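A.B. asks: Got a structure here, written out as structure tokens. Questions coming.
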Amino acid sequence: MSFLQDGPQIGNQYAEDDMLRRWLRWRLPEQVRGNISEGLFGLGARVVGDLAQAALDAEAQPPVLNHYDPWGRRVDEIVMADGWQTLHDAAANEGIVATAYERKEGEYSRAHQFARLYLFHPSSALYSCPLAMTDGAARVIAELGDEHLRQRTLQRLTSRNPQEFWTSGQWMTEKAGGSDVSQTETVATRDGDGYLLSGAKWFSSAATADVALTLARAADREGLGLYYLETRKADGTFNGIQIDRLKDKLGTRAMPTAELTLSNTRAQLIGKHGDGVRNIAGMLNITRLYNSVCAVASMRRGLALARDYACRRTAFGRPLMEHVLHRDTLGNLEAHFQSAFHLVFHLGLLLGREETGSASDDDRLLLRLLTPVAKLYTAKLAVASASEILECFGGNGYIEDTGLPKLLRDAQVLPIWEGTTNVLSLDVHRVLQHERAKTLYLDDVQRRIAGEDVRFSAERKRIYEAVAAIRVLPHDREADARELALGLGRVYAASLLFEHANDMRHSRAAAAALELAMRRALVGLMAHDSSIVAADVLARGSA
Ligand code: MFK
């Protein structure tokens, strides 16, 4: 019989994840860990069991849009796989959104929720996308919704009961503006105590959602307003919504993204006219954090698969894992992953503090600054990591039915949706104009690496040097915004890796992650050279 190669196999994704368990031990009080570890273990088993099967089913049967029923009635029905429904039910009963709103673990509730989302995402066929928007909508409604909306909707968006659990869309993008949403053309016309919306939405992810938040322009008012709508009326028919087409996307194929036309869609204004962008930003900040959690989750899943494969696959007489160069590649990927993990989970702590009233003004400003930093930093890493992971499998990594190419296709959306790298860099730039933002950031980094300990003194010195470089860098030049934002991500991640290695004295993995990350992933912590004139010449292709 000729040679047959086994594919990669992974076990309980909580039990096998040293990074996650070490971080929880490091940051969470013992009692909180005691409360949550059994649930995480259970979810860790499901994501390689029934949820993995559901995700496979959803991926194998992508959504289909039927415009008409057999008798010619326009129905615009999106047919979803059974697996998609299973993932909906699991998202509810595993409390992927609810955990953050029940707040059973006080200020650690978001960290707990991040851990759950992180386990869930790689086996969710991107059900994490509707959950991101659902969580974002819940946050906005909790903060800005009136009593009626909070009573009617918030409870459903945060329910653990699958029959009751609603998901939300975030319909921002129109043909005229993906990044520049001020170009929104949808019109809101007053009708009784509500509004009727008419216009076209060009990228509406999770098109099967129950509700959506969207932007529109009231005829007689300046600026945009934020509107809440339910996609169906009480009789089950669409609320003035026509589904024109499903997008044919590079990845995220199990998740329906649609082009929609709104014709007198009944909606309710949230907040004031003119505050639409500012108000929807609260949702964006949550979905950007989801994006970051999902980025690190996908990096970790890729690594788990590649690591297992490296122990099974033999080449030149030895398992791949016994080849020094392959170990170097995997170690490098792990160092990148850990730097991203630290940044993102730290934001789970800050967000948890913010939502339970225990955050200081400094915590809030740092969270505001680091949210776009984490999104842009982790999304880029996730794409590079997925590409390297595929290569770890050789030709098999390029073959669809191994399930591996999906890792790369799905990762590629992470730097695009919820704001591209440049748009997020401009958001970082916007926050840095706040007089205290940069000083606060630098003081926080310095605090994490303070001390006289000789351990890691070379790493400490390099982080100090990066801090000094950032301190003198002008923060008001738009052309520098991207390099600066990426640098802020690297330096902050380095400071967390440092603190972690320093605190977890007996962890060889923590020390090795710091050492390797500083040599590779975080090299040129604040490599900065403003060469906008040269970039201008090359960008335009001038002779
Ligand atoms: C795996 C899970 C992943 C999740 C899946 C989600 C799938 C969803 C698919 C999509 O819908 S993708 C849609 C993505 N679109 C975007 O992300 C929009 C990108 N554009 C931006 O982010 C722009 O920066 C933005 C539209 C928010 C602002 O542009 P503008 O029109 O120039 O507004 P401006 O004047 O800068 O800001 C208006 C106000 O909002 C200001 O406040 P003030 O009026 O008080 O000064 C800003 O400070 C505030 N603001 C803007 N961004 C903010 C913010 N406040 C807090 N946080 C922010 N992020």
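The values are calculated or read from the model by the stated rules, or taken from the named source; none is laboratory data. Source: prediction; values computed, not measured. Counting neighbours? That spans all protein chains shown, and the Cβs are built from the backbone with ideal geometry, glycine included. Each accessible area value is taken on the protein alone, full model and side chains, heavy atoms only, with ligands, DNA and RNA left out. Shrake-Rupley method; radii C 1.70, N 1.55, O 1.52, S 1.80 Å.
A.B. asks: Given R₀ = 22 Å, FRET efficiency for GLN61-ASP244 by Cβ-Cβ distance, to 0.05? Working shown, then result.
C.D. replies: Working: r = 22 Å, r/R0 = 0.99.
Rounded to the nearest 0.05, the efficiency is 0.50.
A.B. asks: For region 125-140, take each phi angle, set θ = phi - 60°, evaluate the Karplus expression 6.51 cos²θ - 1.76 cosθ + 1.60, and give the result in whole Hz per residue in order, putting x for glycine and proline.
C.D. replies: Residue by residue, region 125-140 yields 6, 6, 4, 4, 5, x, 5, 4, 6, 5, 5, x, 5, 4, 5, 5 Hz.
A.B. asks: Please give the Cα centre distance for region 48-67 versus region 150-180, rounded to the nearest Å.
C.D. replies: Their Cα centres are 21 Å away from one another.
A.B. asks: Peptides 222-235, 24-37: what's the order by average Cβ count within 10 Å, highest mean first? Provide the component values of the computation, followed by the final result.
C.D. replies: On the way: 222-235: 17.9, 24-37: 15.4.
By packing density, highest mean first, the sequence is 222-235, 24-37.
A.B. asks: Could I ask something else about it? Quick check on my link table: of LYS104/LYS406; LYS247/LYS380; LYS201/LYS249; LYS104/LYS201, which ones sit more than 26 Å apart, alpha carbon to alpha carbon?
C.D. replies: Values: LYS104/LYS406 35 Å; LYS247/LYS380 23 Å; LYS201/LYS249 17 Å; LYS104/LYS201 38 Å.
Distance filter (> 26 Å) returns LYS104/LYS406; LYS104/LYS201.
A.B. asks: While we're on this one: Please report, for the Cα atoms of region 411-519, the Rg to one decimal and the Dmax as a whole number; what are they, in angstrom?
C.D. replies: Cα-based Rg and Dmax for region 411-519 come out at 15.5, 44 Å.
A.B. asks: Identify the residues of region 272-297 with backbone N under 16 Å of a label point that sits 7 angstrom from the Cα of ARG221 along the Cα-to-Cβ direction, or state none.
C.D. replies: The answer is 272-281, whose backbone nitrogens lie closer than 16 Å to the label point.
A.B. asks: On a straight-distance basis, which aspartates and glutamates could pair with LYS461 in a cross-link, Cα separation under 17 angstrom, same-chain partners fewer than 8 positions away excluded?
C.D. replies: Counting by Cα, and skipping residues close in sequence, LYS461 has these aspartates and glutamates nearby: ASP443, ASP444, GLU452, ASP453, GLU499, GLU515.
A.B. asks: For region 458-497, what log10 I(q)/I(0) values come out of the Debye formula at q = 0.26, 0.28, 0.31, 0.33 1/Å, with one point per alpha carbon and no solvent?
C.D. replies: Rounded to two decimals, the profile gives -0.89, -0.98, -1.09, -1.15.
A.B. asks: Kindly rank 117-123, 366-372 from highest to lowest mean number of other beta carbons found within 10 Å of each residue.
C.D. replies: 117-123, 366-372
A.B. asks: Whole-Hz ³J(HN,Hα) for each residue in region 500-509, computed from phi via Karplus 6.51 cos²θ - 1.76 cosθ + 1.60 with θ = phi - 60°, x for glycine and proline: what do you get?
C.D. replies: My calculation for region 500-509 gives 5, 5, 5, 6, 9, 4, 8, 8, 5, 5 Hz in order.
A.B. asks: Okay, moving on. Compare the peptides 486-496, 92-102 by average per-residue count of other Cβ atoms within 10 angstrom and give them in order, highest first.
C.D. replies: Output ranking for 486-496, 92-102: 486-496, 92-102.
A.B. asks: Keeping the other protein chains in place, figure out the carbon and sulfur percent of the accessible area of the chain, with a 1.4 Å probe.
C.D. replies: 51 percent
A.B. asks: While we're here: Averaged over all directions, how much area does the convex hull of the C-alpha atoms of region 168-275 cover when projected, in nm²?
C.D. replies: Approximately 6.9 nm², given one-decimal rounding.
A.B. asks: Can you compute the helix-only [θ] at 222 nm over the chain? Use -39500 (n - 2.57) per DSSP H run of at least 4 residues, normalise by all residues, nearest 500 deg cm²/dmol.
C.D. replies: Values: 17 runs with 273 residues, N = 543.
Calculated at 222 nm, the ellipticity per residue is -16500 deg cm²/dmol.
A.B. asks: How large is ³J(HN,Hα), in whole Hz, for each residue of region 353-365 in order, when computed from phi with the Karplus curve 6.51 cos²θ - 1.76 cosθ + 1.60 and θ = phi - 60°, using x for Gly and Pro?
C.D. replies: Residue by residue, region 353-365 yields 5, 4, 7, 10, x, 9, 7, 7, 4, 5, 4, 5, 5 Hz.
A.B. asks: Report Rg (one decimal) and Dmax (nearest whole number) for region 223-343, counting Cα atoms only, units Å.
C.D. replies: Radius of gyration, then largest Cα-Cα span, for region 223-343: 23.2, 69 Å.
A.B. asks: Compute the separation of the alpha-carbon centres of region 132-148 and region 210-237 and state it in Å as a whole number.
C.D. replies: Using only Cα atoms, the two centres lie 14 Å from each other.
A.B. asks: Assuming R0 = 45 Å, what is the FRET efficiency of ALA534 and HIS506, from their Cβ-Cβ distance, to the nearest 0.05?
C.D. replies: The computed FRET efficiency comes out at 0.40.
A.B. asks: With a 1.4 Å probe and every protein chain left in place, work out the accessible area per residue of region 168-275 in Å², rounded to a whole number.
C.D. replies: Working: 4650 Å² over 108 residues.
Ligands and nucleic acids excluded, the result is 43 Å² per residue.
A.B. asks: For the chain, state the average projected area of the convex hull of the C-alpha atoms over all orientations, rounded to one decimal in nm².
C.D. replies: 29.5 nm²
A.B. asks: When a/c reaches 1.5 or more, the comparison of a/b and b/c decides; with that in mind, is region 261-416 rounded, prolate or oblate per its Cα gyration tensor?
C.D. replies: Here region 261-416 falls in the oblate category.
A.B. asks: Further question on the same structure: To the nearest 20 Debye, how big is the dipole of region 148-226 about its Cα centre, given +1 on the beta carbon of each Lys and Arg and -1 on that of each Asp and Glu?
C.D. replies: Rounded to the nearest 20 debye, it is 260 debye.
A.B. asks: While we're on this one: Rounded to the nearest 20 debye, what is the charge dipole size of the chain about its Cα centre when +1 sits on each Lys and Arg Cβ and -1 on each Asp and Glu Cβ?
C.D. replies: Once rounded to the nearest 20, the dipole reads 760 debye.
A.B. asks: Between region 283-329 and region 404-450, what is the separation of their alpha carbon centroids in Å?
C.D. replies: Region 283-329 and region 404-450 have Cα centres spaced 22 Å from each other.
A.B. asks: Sticking with this structure for a sec: Quote the FRET efficiency, to the nearest 0.05, computed for GLN155 versus ASN35 with a Förster distance R0 of 30 Å and r equal to the Cβ-Cβ distance.
C.D. replies: Step by step, r from the Cβ atoms, then E = 0.85.
A.B. asks: For a bin width of 10 Å, list the pair-distance distribution of region 1-134 built from all Cα-Cα distances, rounded to whole %.
C.D. replies: 11, 35, 28, 15, 8, 3, 0
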